[in-house]
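> So that we are looking at the same thing, I have put the structure below in structure tokens.
Nothing in this text is a laboratory measurement; each read-out follows from the coordinates by a stated rule. Since the model is a prediction, treat every value here as computed from it, not as a measurement. Every residue, glycine as well, gets a Cβ built from its backbone with ideal geometry; the counts of neighbours run over all protein chains shown.
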Ligand code: GLA
């Protein structure tokens, strides 16, 4: 990062600020009279002067500060909308007056202390920091705006410093606040539950306060820290849309408020019930960051911007966009019923099918409190001596000596890799760790320690707990040739000793993630929290992929994966073929359909006992593995176009187009069969109209034809599917 003069992405004119991406502008200024920072525009590109808005007529109880669009609204001086910051001052009131003082422009983007954050060099991003100051309470707030013009993204965070003498308490703090002008808008967000994550919800924003939050301590299954706004006429492909994505793993709050005068305020940041952060004299506090993107190409445009930004400027792992090994996970195959013999047996079968990575899930650890069910063992990260008398090393050695069959695959033969499941932030009361350190679990005085899934949560706000986890995981990874870790997390937080524990825990968990992923860069880390309970950009900074849901039913997965893709790239998603009838829904769908849904994700694999496959299922797995390996690079790095949504169509479809546009892969599903009905037609998007494309080797057909006329396939049954490979004639 170097200091330098403003570039075309950040233009300062006195106290007016213009931030520009390739297709958007974000304008604000400091009011000459009040020093308040006022928003002028967040939308399509704007150049040249704008007329001065007429002064609103002030009539009634709401003064001027409640009628203007404010950039970082504080509280207590006549703006009755929700504030972005609420400070309990040392005098106990919650009034503040943060006024513009100065600004600094820096090329590149400063890191955020202890927090995950997008990154980039001076060619990628420019940052402006607006210094605000409350001369009455001597509190400074630095608003940081970093512009990634190529992704039409602005990333915002705020740092508050107490320059006064008394202690203050931060009661509420939003990373992002935007006031949009009067007009109709829809809000689109993700809701769900365990095994039913990320279902897309769209509704009109109405007068009053509406929003959603997580109070679970984590980003949660119920709501994701993501919000999109759209004009009512905006679709997947056209119209204005905005996306907001909080880079944080803890509880959060999203407030959408259409005020009495009709403007809409968006706030995204901490859940105020769980902050109450004290700042003594000269102490500083930095919020997580929030990414905002703008698109005039509909919700699909929002998603493509976020996907590109996250793949290239958020995920730190060397595997961010690297091809992922086809894996087999032992969970739905064997659950807790594991030993070296049955594991080796299914590893052998996996290798024979062409699987490249074998993952040993739950049930391998615990000495005095063996993990043979979910009632004991968490915290004792040593192999169960009855199941593995000589530790894990001999099993790992045997499994990694197996050669993955090539069969239909064109990839060179490799040895099987070994991966392992851990859940290090947790403890069972039936464990040696808990016997030795009951004070390491989260608890509040004498209140009962409520267990969930029979487990308690360790207090990662404590440095000794962080160190314990870092040491035990390091020892495990050094004990054998383990090159993949599934890091699970199966409960939420309650009985916390203080509201500040929530954020202190996050700082602790980020320290642990940062230390371990830096220490073991060659390990492919996967996040998990009972499936998608922690699918957020904070986790993605460290773990390039996240187990998307414990629901492996292919039909349900279509909804979950399409929903997740609103904010997150396919490279971060994991999909597995599981056995039928499905263990969560009882549904039976064909093997091909299961495979075609799973390979929509960047990490593809199996989660079943291969020795129990029906012959016809077994016969097509090598083809499915070969197909997944062929298309994986496009899925991982390509631009994603959701062509039709499962909420709206019996034929959901998605297209990924490689970065250079030379290849594409189309996923098309039929949910229910339609007897005596015209065939559906899928019209593609994002191709070059003039270029010619081979479609599964046939053609070539023009991009214009594929986008205007489209393709038709004849499906005869429920749960039918097709994966189609497109290639430009010019690259053949
Ligand atoms: C969680 C995970 C599953 C599996 C189990 C093991 O539910 O989401 O994939 O690993 O834990 O206990």
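> Ranked highest first by the average count of other Cβ atoms within 10 Å around their residues, in what order do 446-455, 695-704, 150-159, 519-528 fall?
Per-residue Cβ counts within 10 Å, averaged per peptide and sorted highest first, yield 150-159, 519-528, 695-704, 446-455.
> Taking the alpha-carbon centroid of each part, what is the distance from segment 657-732 to segment 101-153 in angstrom?
Answer, in whole Å: 43.
> From the gyration tensor of the Cα coordinates in segment 655-731, what semi-axes in whole Å does the equivalent ellipsoid have, largest first, with each one equal to sqrt(5λ)? Mind dumping the intermediate values first?
Details: eigenvalues 122, 30, 20 Å².
Sorted largest first and rounded, they come to 25, 12, 10 Å.
> Another one. If you count, for each residue, the other Cβ atoms within 10 Å and average over each peptide, how do 539-550, 115-126, 54-65 line up from highest to lowest?
Top of the packing list down: 539-550, 115-126, 54-65.
> Also: Roughly what would the spin-label model give for residue 588 and residue 121, points 7 Å off Cα along C-beta, in nm?
5.8
> State whether the chain is rounded, prolate or oblate according to the following rule on the C-alpha gyration tensor (a ≥ b ≥ c being the square roots of its eigenvalues): a/c under 1.5 gives rounded; otherwise a/b larger than b/c gives prolate, and the remaining case gives oblate. Please report the intermediate quantities before stating the final value.
Details: a/c = 2.03, a/b = 1.26, b/c = 1.61.
Cα axes put the chain in the oblate bin.
> Which percent of the Cα-Cα distances in segment 327-637 go past 26 Å?
Numbers: 21971 of 48205 pairs.
The calculated P(r) of segment 327-637 puts 46 percent of pairs beyond 26 Å.
> Additional query: How many percent of DSSP beta bridges within the chain run antiparallel, rounded to 5?
Numbers: 134 of 163 bridges.
Close to 80 percent.
> How much FRET efficiency would the formula 1/(1 + (r/R0)^6) give for residue 93 and residue 690, where r is the Cβ-Cβ distance and R0 is 41 Å, rounded to 0.05?
0.05
> Rank-order 404-411, 221-228, 191-198, 359-366 by packing density, defined as the average count of other C-beta atoms within 10 Å over each peptide's residues, highest first.
Values: 404-411: 16.1, 221-228: 26.2, 191-198: 20.5, 359-366: 24.1.
Descending mean neighbour count gives 221-228, 359-366, 191-198, 404-411.
> Give the order of 660, 368, 536 when sorted by the count of other beta carbons within 10 angstrom, beginning with the fewest.
Exposure proxy ranking, most exposed first: 660, 368, 536.
> Now for a separate question. Take the alpha carbon gyration tensor of segment 284-418, find the square roots of its eigenvalues, order them as a ≥ b ≥ c, and report rounded if a/c is under 1.5; if not, report prolate when a/b exceeds b/c, else oblate.
oblate
> Percent relative contact order of segment 241-384, based on C-alpha pairs within less than 8 angstrom and at least six residues apart?
So the answer I get is 18 percent.
> Which FRET efficiency, nearest 0.05, do residue 647 and residue 451 yield, Cβ-Cβ r, R0 35 Å?
Calculated transfer efficiency: 0.45.
> So how far apart, in nm, are the two label points at residue 138 and residue 342 if each is 7 Å from Cα heading toward Cβ?
Taking the two extended label points, one gets 6.7 nm.
> Residues of segment 83-109 with amide nitrogen under 20 Å from the 7 Å Cα-to-Cβ point of residue 77?
Those under the cut-off are 83-103.
> Here's a follow-up. Taking the Cα centre of each part, how many Å lie between segment 504-581 and segment 165-211?
23
> Give me the number: length gained by fully extending residue 698 to residue 507, i.e. 0.36 nm times residue separation minus the C-alpha to C-alpha distance, one decimal in nm.
Full extension of this stretch gives 63.4 nm more.
> So, one more: Using the Cα gyration tensor of segment 458-574, with a ≥ b ≥ c the square roots of its eigenvalues, what is the shape: rounded (a/c below 1.5), prolate (a/b larger than b/c) or oblate (neither)?
Judged from the Cα gyration tensor, segment 458-574 comes out oblate (a/c at least 1.5, b/c at or above a/b).
> Can I ask one more? I want to make sure I understand the PRE zone here: with the label point 7 angstrom from the Cα of residue 623 toward its beta carbon, which residues in segment 693-716 have backbone N atoms less than 16 Å away?
Once the point is set 7 Å along Cα→Cβ of residue 623, 696-697, 714-716 turn out to lie under 16 Å by backbone N, inside segment 693-716.
> Using only helices, what value at 222 nm comes out for the chain when you add -39,500 (n - 2.57) per DSSP H run of length 4 or more and divide by the total residues, to the nearest 500 deg cm²/dmol? Intermediate results must be reported in sequence, preceding the final value.
Working: 12 runs with 134 residues, N = 732.
Helices in the chain give a 222 nm mean residue ellipticity of -5500 deg cm²/dmol.
> Hey, what did segment 655-731 get for relative contact order, percent, Cα under 8 Å, at least 6 apart? Each step should come with its number before you reach the end.
Values: 139 pairs, mean separation 33.0, N = 77.
Computed value for segment 655-731: 43 percent relative contact order.
> Report the Stokes-Einstein translational diffusion coefficient (µm² s⁻¹, integer) for segment 503-645, Rh taken as the Kirkwood radius over Cα pairs, at 37 °C with viscosity 0.692 mPa s.
Calculated translational D: 202 µm²/s.
> Something else now. If you average 1/r over every pair of different alpha-carbon atoms in segment 10-313 and take one over that average, what Kirkwood value in Å do you get?
That comes to 19.5 Å for segment 10-313.
> Which whole-number percentage describes the relative contact order of the chain, with Cα contacts under 8 Å and a sequence gap of 6 or more?
10
> Now a separate question. Once you put a point 7 Å from the Cα of residue 408 and another 7 Å from the Cα of residue 374, both along the Cβ direction, what distance in nm separates them?
Inter-label distance under the simple model: 3.5 nm.
> Now a separate question. Working from Cα positions, state the angle (0 to 90°, nearest 10) between the long axis of helix 463-478 and the longest principal axis of the chain.
30
> Distance from a point 7 Å along Cα→Cβ of residue 15 to each backbone N in segment 129-155: keep the residues under 11 Å and list them by number.
Output list for this probe position: 133.
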